[in-house]
Amino acid sequence: MPKSHTLRILGGAMLTLSCNAYANTGVFSLSLEELLNIEISSATLTPKARGTAPSSVTVFTRGQLDALPVYYLHDLMNYVPGFQSFRQGEAADEFYHSVRGRRIGTSSREVLILVDGVRLNREIDAATAVPSMMLDQIERVEFVRGPGSALYGSNAFLGVINIQTRNGSNLVNVRAGAPELLHGSGQLSGAKGDWQWSAFAAAEKTEQDASMLEDSFGGDDFSSSDGTQKTDLRLRAQWRDSRLEYSRYDREADDYYVLENGTANSGNETENQFQQLRFDQKVAANNQWRSDLTLALSEALYEPQGQLSANGFANELGGSVPPSNEPLRGYVEQGETTRSLYLHNDWTPERRDFSLQSGAEYRHVRISSTDFYTNFDTNTFPIKYLGEDLPSNQPVVVVPTHTLEVFGAYAQGQWQLNQDWELIAGLRLDHYSSHGSTSSPRLALSYRIAEQHSLKLMYGEAFRAPTVVERMNSGNNTVIGNPDLEPEDIETLELNWLAQWSRAHLDTTLYYSRISDAIEQSFEGRARTFINSTETESLSGLESELNIELNRHWMLVANISMIADTPQAQFRQADRLASARLEYVWQNWLWNLSTHYVGERQMQTPTGLSTLDSYALLSSRLRYEILADHYVSLSVTNLGDEDYLTPTQGQTLERGLPNAGAQWRVEYSLSW
């Protein structure tokens, strides 16, 4: 049987098998009943049992992350019902992600990402400010599917990812792999009296085996080393209920596509930098009233550089002075600084069958001028060659310097009507200085049918404000903004059924969404632009996850996502998804076997739509506790060395984007 067919059968099985490695760690040391009642905070900003949280939620704890052959947030998404993530052609370390089959543009703007409650999405393009986030510093991550604007405002359109970082623990982790991979991370924590502190750092360097990429300028396929470098730093000090924190993330990538342009020796590279200083204060006025205040100052920088034409650019325009056969090269400087305030209040009266949450958010964003430099001055005739070094001339202003202010306020009530019924209602108002005000209501009713079964009926509205790039981009032939764009709005109705038996747990959601004023990608020639659709769009589908405790050594967790109705423009998204993990524990050994399946996708080419095959990837991890708190592991991703393609966002390339083959890792970790 061919290798690829065998892997498709494994992926098509659509099951996930998992269990806890050791009796005292990880979520699977809990019973299934405890798993059902694991507390979820993202859905209401208060701890809620899974059976009553007014959203469809998947949670991964630190113990589960240690068991999986997964090392980045974008890879973890492929094990979450409804989510899909895949390689893109903007830069070597960039990955698209979407939920429920909808994504506009390259930046995954419909999903809000939070780190300890603070937004990680850039304002200028709504992209994640930290691509390829490593999982080392994550203690827990919650994936919320469905609208979240009633609490979080814009970008919580189809989902929210809430990351909680590790605190108060010590760890050392070193990892090496093939193709070339070197990784190290560590955290030191301490406490004295009322003081607590911690310092976390991580660094990683990767290169892939030379893969053959399609030349975007019509030449022969070329070899790419596809290298990345990542560094993370987080410093934290806390005195009683006051906490001060500084974090910084740096990303560099080279020798791959930039904006889906690439050729041999192109000099393509990108740099991302995000840093943040934040202060958190908790106030408990009494046993009934609690407030949380966060002040944050953040800076995000993005600098891509790449080749934009074939050699001999000037020859097609009558030559240059001095004469040059060089291609056109471009360099972009993009940055923004954000000052944020978050206030959350929680009031629970003595009667305890009602609670009220309220809060406010303010963001002041200064968008620096996005400047585009080239190695030719095309404003003269004949055009002038400026040399190889960039930047070297007066730039074209792609986005002018300006400021954006966002105000938001919300209120939410939770009523325990009786032992079996609970009602949650909320409303948020947002005002953007760029386009005005928006309201986002929500309503959820949960009913415990019996001790083992519960139903949740949920309705919510959400919006997504057009980004600065979508409205204002100009001065280039790649992405052109539309200043007349309006926010897009979504209404979603969900029905969720949770069932639990002695050795099994089932979580199933049916959803239907209706989108008005949908922001869609269009083309002006080969340049991308954006429009508000005049037609109402709809999304519908089913997501289901099954946990089965086979015995004390094995557990099965299976999930499947079927998207029944998607807008025509979403041809790049698969409508059939599933994932599979198998884990076995015996004494100090943990073995994990995982697979995820992705159905067919399409992509736009210069000659029309092209269909890309479905694929299933198999990965595995073997972990052994050699001494107390000392672990060694061996893992491999894409165990079958599957060749598969993922779709581009533009229409320059004829083929899809190639992805990494088999990757091996050996690892040592210590935690205490």
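The values are calculated or read from the model by the stated rules, or taken from the named source; none is laboratory data. Quick caveat: nothing in here was measured; it's all calculated off a predicted structure. Because the Cβ atoms are built from the backbone with ideal geometry, glycine has one as well, and the counts that use them run over all protein chains shown. What goes into the accessible areas is simple: the full protein's heavy atoms, side chains included, and nothing from ligands, DNA or RNA. Shrake-Rupley method; radii C 1.70, N 1.55, O 1.52, S 1.80 Å.
Things worth noting here:
- Residues located in the stretch 265-295, provided they are of a type in the set (S, T, N, Q) and out of contact with any Gly (no Cβ under 7 Å at 6 or more places or on another chain): Asn265, Thr270, Asn272, Gln273, Gln275, Gln276, Gln281, Asn286, Asn287, Gln288, Ser291
- Only one of Gly177, Gly184 that is crowded, with 16+ Cβ neighbours inside 10 Å, touching a Lys or Arg at 6+ places or on another chain (Cβ under 8 Å) and not basic (Lys, Arg): Gly177
- A search for C-beta distances below 7 Å between a residue of the stretch 47-71 that is farther than 19 Å from Met555 by Cα and free of Cβ contacts under 8 Å to residues at least 40 places away in the same chain and any residue that is open to solvent by 20 Å² or more (accessible area, probe 1.4 Å) and of a type in the set (Ser, Thr, Tyr), counting only pairs 6+ apart in sequence or on different chains, returns Pro47/Ser41.
- Residues in the stretch 187-208 that are assigned to a loop (DSSP other than H, G, I, E, B) and surrounded by 15 or more Cβ atoms within 10 Å (Cβ to Cβ): Glu207, Gln208.
- Taking the criterion of being among the hydroxyl-bearing types (Ser, Thr, Tyr) and over 23 Å from Asp250 (Cα atoms), the residues of the stretch 190-225 that qualify are Ser211, Ser216, Ser223.
- Among all positions in the stretch 396-413, there is no residue which is over 26 Å from the mean Cα position of the chain (by Cα) and free of Cβ contacts under 8 Å to residues at least 12 places away in the same chain.
- Count of the stretch 479-517 residues which are under 23 Å from Asn155 (Cβ atoms), outside any strand (DSSP E or B) and not small (Gly, Ala, Ser): 8
- The one condition from (1) more than 17 Å from Phe407 (Cα to Cα); (2) acidic (Asp, Glu); (3) modelled with pLDDT of 95 or more that Glu333 does not meet is (3).
- In the stretch 663-672, the residues that are open to solvent by less than 30 Å² (accessible area, probe 1.4 Å) and either within 23 Å of the chain's Cα centre (by Cα) or not basic (Lys, Arg) (or both): Glu667, Ser669
- Ser154 in contact with a strand residue (DSSP E or B) (Cβ under 9 Å, 6 or more places away or on another chain) and in a loop (DSSP other than H, G, I, E, B): yes
- Considering each residue of the stretch 279-294 in turn, none proves to be out of contact with any Pro (no Cβ under 8 Å at 6 or more places or on another chain), among the small types (Gly, Ala, Ser) and more than 30 Å from Ser358 (Cβ to Cβ).
- Residue in the stretch 548-561 that is farther than 16 Å from Arg145 by Cα, in contact with a helix residue (DSSP H, G or I) (Cβ under 9 Å, 6 or more places away or on another chain) and not β-branched (Val, Ile, Thr) present: yes
- Residue ID - nearest to the chain's Cα centre (by Cα), chosen from residues in the stretch 331-381 that are open to solvent by 50 Å² or more (accessible area, probe 1.4 Å) and among the acidic types (Asp, Glu): Glu333
- Residue in the stretch 28-39 that is within 19 Å of Gln412 (Cα to Cα), open to solvent by less than 50 Å² (accessible area, probe 1.4 Å), at pLDDT below 90 and of a type in the set (D, E, K, R) present: no
- Considering the stretch 596-647, the qualifying strands (runs of 3 or more DSSP E), each wholly inside and each with 1 or more residues that are modelled with pLDDT under 95 and aliphatic (A, V, I, L, M), run over 601-605, 608-612, 615-627.
- Selection count where residues are crowded, with 24+ Cβ neighbours inside 10 Å and either at pLDDT 90 or above or among the small types (Gly, Ala, Ser) (or both), scope the stretch 87-100: 6
- Unique match (being out of contact with any strand residue (DSSP E or B) (no Cβ under 6 Å at 6 or more places or on another chain) and of a type in the set (S, T, N, Q)) among Ser437, Ser474: Ser474
- When residues in the stretch 533-572 are screened for being over 29 Å from Tyr79 (Cβ atoms) and open to solvent by 40 Å² or more (accessible area, probe 1.4 Å), 3 of them pass.
- Within the span defined as the stretch 455-472, every residue fails to be in contact with a Phe, Trp or Tyr (Cβ under 9 Å, 6 or more places away or on another chain), in contact (Cβ under 8 Å) with a residue 24 or more places away in the chain and farther than 27 Å from Ala150 by Cβ.
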